[in-house]
Structures are given as C-alpha cells and as structure tokens.
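The values are calculated or read from the model by the stated rules, or taken from the named source; none is laboratory data. This structure is a prediction, so every number in the text was calculated from the model and none was measured. A quick note on method: Cβ atoms are made from the backbone with ideal geometry, for glycine too, and the neighbour counts reach across all protein chains shown.
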C-alpha cells in the first residue's frame with residue numbers, strides 16, 4: 001500500500017527505445033540532441049529573446065513594444081501593441097515566392113470528388129469571401145459561427161474572418177441544434193456559415209436544417225450563409241428570404257482583393273468551445289499574435305516541414321487540432337495540406353491508406369483512438385496499399401498505448417518513420433510536450449520532452465516535486481488561452497487556482513530518469529484501489545497489450561472493502577468471440593502484469609465504447625453506468641446509443 005494517500009503510483013515500465021533514422025536525421029531542422037538541448041536551454045534562459053526571434057520570421061505591420069507583459073497575470077499579454085494579421089501570414093506572405101503556385105490545399109470528398117487550390121487561388125477565394133462578409137455588415141470584433149463539413153470552404157471561412165478581424169467560432173458539424181444554440185447565444189454570433197448538407201459514411205447530414213432549428217429564437221443571428229455541397233440539385237433545405245444567402249452567389253460579385261485588418265496582437269482571433277463536465281460549454285479565447293507565433297514554430301519543428309511534404313492531419317477543423325495544425329500552422333509554413341471530408345471506413349476500411357498512396361502523403365497526424373480502430377480492423381487493410389511515401393507519423397488527443405504505438409510504427413511506418421506523440425490542449429493553443437523527429441530517442445507511450453520555451457513539472461497536490469503526480473506548466477507561453485468568454489472568474493478558478501503562478505492542465509503525469517514525460521490521463525480518472533492510486537491510462541495500456549484486445553476503458557466504482565474496485569470495458573479485435581473464460585483470462589492478465597490488487601471486479605465486453613465526437617472515451621458516463629446513476633450530459637457523444645446499450649448490458653451482467 002502506498003504510504004502517501006495522495007501519491008499517484010505508476011504501474012508501467014517501458015524499456016524499448018527507438019533512435020532517429022540516420023537519413024531522416026541528416027535532413028532534419030533539429031538533427032541532434034545536443035542541438036535540441038542547446039536551443040531549449042537558450043529558450044528558457046532567454047525566453048523573451050527566443051520568442052522574439054521566432055516572431056521575426058513572420059510579418060508584422062508594427063513591431064511590439066515588449067514581448068511579454070505579466071502585470072495582469074494570469075491574463076498574460078504577448079507582443080504588446082504589435083499589429084499583424086494571421087491571414088496575411090498564411091497567404092499574402094507567400095505570393096512573392098515560388099510558393100505562390102504551389103498547392104496549398106488538396107481536398108478529397110467522401111464520394112471521391114477532388115479539388116486543389118494553390119496559394120494564389122486560396123488567396124483570391126479568401127479575399128472574395130472576406131469582402132462578402134463585409135458586404136453583409138460583419139465588422140472587426142463581430143462573432144461568426146461556422147458549422148461546416150470538412151470542405152475547403154471551412155478553411156476559407158476561418159481565413160476570411162481573420163482577414164477582416166471577425167472572431168470565428170467553429171462548431172463541429174455533428175453537434176445537435178441545441179449545442180449550436182448554446183454556443184451561438186453565448187458569444188452572440190451575428191452570422192452562421194453552414195452548408196446544405198455533408199456526407200458521412202455515404203449518408204447525407206442535413207446541416208442547414210439543423211442550423212434552422214438552432215437559430216430559432218436567436219435574435220443575435222442576422223444572416224446565414226449556405227455553401228452548396230450537394231451535387232446537382234442542392235440537398236433539401238429551406239432558404240429564408242433576407243436572412244439566408246448562397247455562398248456561391250454572394251462571392252460572385254465582389255472583389256478578389258480585401259486589405260487585411262491590422263489587428264492588435266491581443267485582439268481576439270477565435271473562440272473554441274470545450275465541454276465541461278457540468279455540461280456548460282467553455283468558450284476558450286485565443287488571441288492573434290502569440291497564437292500565430294506559437295502555431296507557426298511548433299508546426300515547423302515538430303513536423304520537420306519541408307517544401308516537398310504533403311501533410312495530412314486527420315482531425316476535424318471543428319477541434320483545436322484542426323485550427324492549429326490543418327489551417328494556421330501549416331499555411332504559415334507554406335505547406336501542402338490534404339483535407340478529407342468523410343469517414344475513415346467508407347466505402348471500406350482501407351480508405352485512409354488508399355489516400356496516402358494516391359496523394360503521396362509524407363506526414364500523417366492522427367489520434368490514438370483511430371489507431372486502435374485501425375488495429376482492430378486488421379493489418380490486411382494498410383498492407384494492401386503502398387505507404388512508402390510516409391516519412392513522419394504523429395499522434396494527438398490522448399496518451400497512446402505502447403502496443404498501439406508499436407503497431408503504428410511497424411505496420412504504417414514500416415519501422416522507419418519517427419512518431420511524434422504530442423501532448424497539448426485546446427487551452428494551450430499548440431503542442432507543448434513532444435519529440436522532435438530528427439533528434440529525440442522515442443519511447444512508446446511517452447510524449448518525451450517539452451517544446452522550446454515550455455517549462456513543465458510533475459508535482460503533487462501541495463506543489464512539491466514528484467516522480468508521478470500532476471502535470472504543471474510553470475512559465476507563460478505565446479499560444480496560451482487568454483480566458484473563458486464572459487467568465488474570467490471561471491478561467492482563473494479552473495486553470496490558475498491550484499498553485500501560485502502555475503497553469504493546471506488537469507492531467508496526471510510521471511517523469512522518468514531521462515526526464516521524459518508520460519501522460520497518465522485526466523486527474524479525474526485516477527482510481528484508488530486498496531490504497532493504490534493509479535491512472536486509468538496505464539491500466540488501459542496493459543489491457544491493450546493482450547493480443548485479443550483492441551481498446552479498453554477502465555473506471556473505478558465504490559467498493560465497501562477496497563474503497564474502489566475496477567471495472568474494465570473491453571472492445572475486442574475483429575473476429576474474436578466474447579466468453580466468460582476470456583473475461584477471467586483478462587482479469588488474470590491484469591493481476592499478472594500489475595498485481596492482484598488491480599484485478600478488475602468485472603469485465604464488460606462491447607464492440608464500441610462511448611466517445612466524444614473528437615474520439616475521446618467518456619469515462620464519466622461509464623462511471624454513471626457502473627454506479628447505476630442517471631446518465632449525465634450526453635450531448636457531446638458521437639453515438640448516444642452506445643452508452644444506452646452498455647447500460648442494458650451492464651445491468652444484465
């Protein structure tokens with residue numbers, strides 16, 4: 001039993017190390033650990049000088065008076081009084097170079113249609129739409145909600161809003177009308193950009209109809225712009241005279257030149273809502289200058305971008321990953337981006353691998369939950385396609401199980417591609433802890449080391465240093481959030497009240513003897529079994545090591561003797577049947593790998609686990625199921641029927 005009731009124990013040891021490929025290393029921006037260590041040391045000791053140097057790689061209409069103002073902490077101000085425009089830095093900055101005629105965006109629809117926009121073409125599209133927004137009365141500081149599928153107009157919308165100084169608030173095109181209404185009313189959006197529909201697994205999503213239901217009673221919404229996604233006739237939707245406008249018509253009679261607004265560095269760039277456990281969404285505020293510099297530099301170094309790369313991040317632009325690492329970061333670096341509209345398993349489970357082959361993708365960035373799905377579907381799908389163009393892989397969204405990491409490295413990367421396992425959040429704006437692919441020795445499951453300028457610690461509740469405990473960020477960074485929209489007290493209480501002058505991300509972590517960070521999952525997901533406090537991410541990794549298990553979720557529920565006992569929700573690989581013997585085998589597996597104290601009280605088999613629309617498992621709902629409580633807020637679930645089926649199955653068992 002742990003002697004410290006507040007200490008988080010670590011139950012996994014990972015000794016496998018993968019050194020950078022020599023050929024990759026020779027061409028990398030950062031090609032040795034000595035280079036990393038020297039630049040990292042400089043970035044900490046001369047933090048403001050480091051960020052000033054990075055900022056000078058971008059365009060500013062007016063330079064800053066000071067790099068950082070901490071007087072109003074925890075609302076820090078970066079590049080004080082500077083003037084810039086992120087749309088200008090994504091587009092205009094490239095028009096006097098060879099990048100002008102390079103593909104900026106390659107798009108593939110679920111049904112197979114394709115579009116390619118060069119930087120020059122994207123520049124003109126963005127300018128036209130920016131002028132159309134201005135024609136409808138949208139001004140600097142106005143909020144614009146965006147509810148679009150993954151089509152080029154989604155990226156164009158963000159860049160057009162940024163160009164004229166409007167604040168965009170992207171809502172993932174899968175949220176319900178109620179979720180849209182909550183977000184629209186919270187930020188008082190004047191305009192919504194949507195489409196007549198979208199495609200998902202061969203089915204039509206009636207997006208405009210959902211928006212119509214959402215904005216009923218939203219007096220703040222004056223206009224709705226509708227992109228015509230339907231082939232031939234538009235998808236069935238109603239156009240309300242005076243309020244609704246077809247996208248293709250309003251951009252038809254406007255100029256393709258729109259002067260970018262000279263935005264103050266601390267002007268709001270966008271709002272992005274995250275769902276709190278209480279159900280009330282938090283509108284995370286990101287401003288212009290600091291976010292711009294941070295996403296630019298992290299994209300450059302973490303993905304080791306080269307002019308010839310074809311870069312594919314599979315996230316939706318409705319999430320922060322899409323904002324930072326599909327739109328803003330890659331475009332500021334002059335990259336070629338691949339965008340895909342649909343599902344990864346339509347028309348079959350080889351769709352993504354076929355696209356990598358067809359488009360010669362070199363960088364592939366996806367989520368561990370997707371990787372576990374690929375594992376579940378079997379090696380035959382990626383093995384059907386030529387993936388030799390890949391040179392770099394990445395993961396984002398949650399800790400990756402070591403066995404999923406190994407599969408990704410072996411089957412997708414063919415044992416030659418480095419994997420950048422990145423830790424960050426909506427709130428941080430960009431990647432915080434990550435390997436650099438040309439220099440960092442990799443350990444499966446570890447996010448490894450802090451990015452330049454980032455000081456991270458593992459500490460206990462009382463703020464003292466710990467080997468395993470809570471992750472804290474101890475120095476401000478340019479990409480950091482500036483508040484929660486309309487609720488600064490909640491911002492201070494949520495992120496800055498646990499320890500003085502330290503950012504609290506809410507994640508458990510451990511740090512090994514090499515200084516590598518291992519993210520243990522949300523602090524809320526730490527379980528206490530017979531005096532042992534263990535992060536669920538480590539327990540789930542042990543389950544996934546079993547050759548029959550594709551994915552797992554572990555929760556703790558009240559137990560009269562142990563305090564808490566464990567329940568494992570298990571999704572098996574395809575073709576494997578569930579049996580009582582297998583359930584017992586998995587319990588014994590945990591006992592053997594960790595100790596008998598950690599053996600689950602119960603194993604529940606399920607082909608699917610309840611996940612948010614960004615792919616994260618909702619353990620809170622599993623705790624509700626296992627404890628017999630009324631289900632909490634399920635509005636962010638990708639498929640609400642999954643948790644209802646689990647509830648019935650749990651009660652039957």
Self-check item: Selection within the range 445-479 - outside any strand (DSSP E or B), buried (at least 21 other Cβ atoms within 10 Å of the Cβ) and touching a helix residue (DSSP H, G or I) at 6+ places or on another chain (Cβ under 7 Å)
Solution: 445, 451, 452, 453, 477, 478, 479
Quiz item: Given the conditions (1) under 30 Å from residue 265 (Cα atoms); (2) buried (at least 20 other Cβ atoms within 10 Å of the Cβ); (3) over 20 Å from the mean Cα position of the chain (by Cα), which single one is not true for residue 529?
Solution: (1)
Quiz item: Restricting the search to the range 471-493, which residues are in contact with a strand residue (DSSP E or B) (Cβ under 6 Å, 6 or more places away or on another chain) and touching a residue at least 40 places away in the same chain (Cβ under 8 Å)?
Solution: 471, 473, 478, 481, 482, 483, 484, 485, 490, 491
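This table checks each residue for (1) closer than 22 Å to residue 505 by Cα; (2) modelled with pLDDT of 95 or more; (3) part of a helix (DSSP H, G or I); (4) touching a helix residue (DSSP H, G or I) at 6+ places or on another chain (Cβ under 9 Å).
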position	(1), (2), (3), (4)
258	no, yes, no, yes
261	no, yes, no, yes
285	yes, yes, no, yes
300	no, yes, yes, yes
323	yes, yes, yes, yes
326	no, yes, yes, yes
Self-check item: Of all residues making up the range 263-282, the number that are in a loop (DSSP other than H, G, I, E, B) and at pLDDT 95 or above
Solution: 3
Quiz item: Which helices (runs of 4 or more DSSP H) sit wholly inside the range 1-111 and have at least 3 residues that are over 30 Å from residue 356 (Cα atoms) and either touching a strand residue (DSSP E or B) at 6+ places or on another chain (Cβ under 7 Å) or at pLDDT 95 or above (or both)?
Solution: 33-45, 47-55
Practice problem: Output the residue which, of all residues in the range 592-607 that are part of a loop (DSSP other than H, G, I, E, B) and touching a strand residue (DSSP E or B) at 6+ places or on another chain (Cβ under 7 Å), is surrounded by the fewest Cβ atoms within 10 Å (Cβ to Cβ). | Solution: 607
Practice problem: With respect to residue 174, determine if the residue is at pLDDT below 95 and surrounded by fewer than 23 Cβ atoms within 10 Å (Cβ to Cβ). | Solution: yes
Self-check item: Odd one out for residue 40, checked against (1) within 18 Å of residue 268 (Cα to Cα); (2) buried (at least 16 other Cβ atoms within 10 Å of the Cβ)
Solution: (1)
Quiz item: If a residue has to be assigned to a loop (DSSP other than H, G, I, E, B) and either at pLDDT below 90 or over 21 Å from the mean Cα position of the chain (by Cα) (or both) to count, how many in the range 392-415 make the cut?
Solution: 7
Exercise. Look at residue 337 and say whether it is crowded, with 20+ Cβ neighbours inside 10 Å and either farther than 26 Å from residue 379 by Cα or free of Cβ contacts under 8 Å to residues at least 40 places away in the same chain (or both).
Key: yes
